[in-house]
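Novice: Quick one: the structure is below, and I'll ask about it shortly.
Values quoted throughout were computed directly from the atomic coordinates according to the rules given, and no laboratory measurement underlies them. These numbers were taken from a predicted model, which means no experiment stands behind them. Every residue, glycine as well, gets a Cβ built from its backbone with ideal geometry; the counts of neighbours run over all protein chains shown.
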Amino acid sequence: MAENYIGIDWGQRKVGVAYGEVETGIAFALTTLEQADQIYDALAMLAREYDADAFVVGLSAAEGHSDNVDAITSFSEMLKEKTGFAVHFAHELMSTREAQQNLKQAEYKHVATKDDAEAARVILQTWMDHRDI
């Protein structure tokens with residue numbers, strides 16, 4: 001059975017979402033969701049739709065970039081509780097900047113509307129590339 005994951009780039013207003021499968025080793029940007037009470041239901045629905053085994057949430061714990069750690073940890077605990085899916089953390093730093101560069105190189109217009117989902121893809125791809133297999 002293939003392992004599939006939903007990657008998340010958490011933000012106070014928006015959540016970037018990506019999908020990846022270990023079999024191919026490729027992650028894909030999916031969508032950006034607005035932070036709202038239904039966020040957990042929407043993420044659970046995507047996880048079921050993509051037959052995911054778990055979520056991978058980006059966590060910036062580097063010095064000077066740790067201001068969201070408590071919020072992301074709380075979000076992740078609630079995500080696990082409300083969806084029943086396992087949650088893994090991916091150490092990430094500057095994923096949004098990398099996402100914006102990727103989108104500009106691909107000549108996308110309106111980069112800011114796609115950078116959250118692309119950041120989730122960057123987080124998930126990096127996690128899949130470096131996890132212990």
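Novice: How large is the charge dipole for the range 10-87, taken about the Cα centre, if only the Cβ atoms of Lys, Arg (+1) and Asp, Glu (-1) carry charge, to the nearest 20 debye?
Specialist: In total the dipole reaches around 140 debye.
Novice: Moving to a separate point now. Give me the extension gain from Lys80 to Ile26: residue separation times 0.36 nm, minus the current Cα-Cα distance, reported in nm with one decimal.
Specialist: Full extension of this stretch gives 17.1 nm more.
Novice: At 0.36 nm per residue, and after removing the present C-alpha to C-alpha distance, how many nm does the segment from Glu3 to Ala54 gain when stretched out fully?
Specialist: 17.5 nm
Novice: What spacing in nm lies between the two simple spin-label points modelled at His88 and Gln12, each 7 Å away from Cα in the Cβ direction?
Specialist: Here the modelled spin labels are 3.0 nm apart.
Novice: Something else about it: Before anything else, pin down the relative contact order of the range 7-50: Cα pairs under 8 Å, at least 6 apart, normalised by residue count, whole percent.
Specialist: 30
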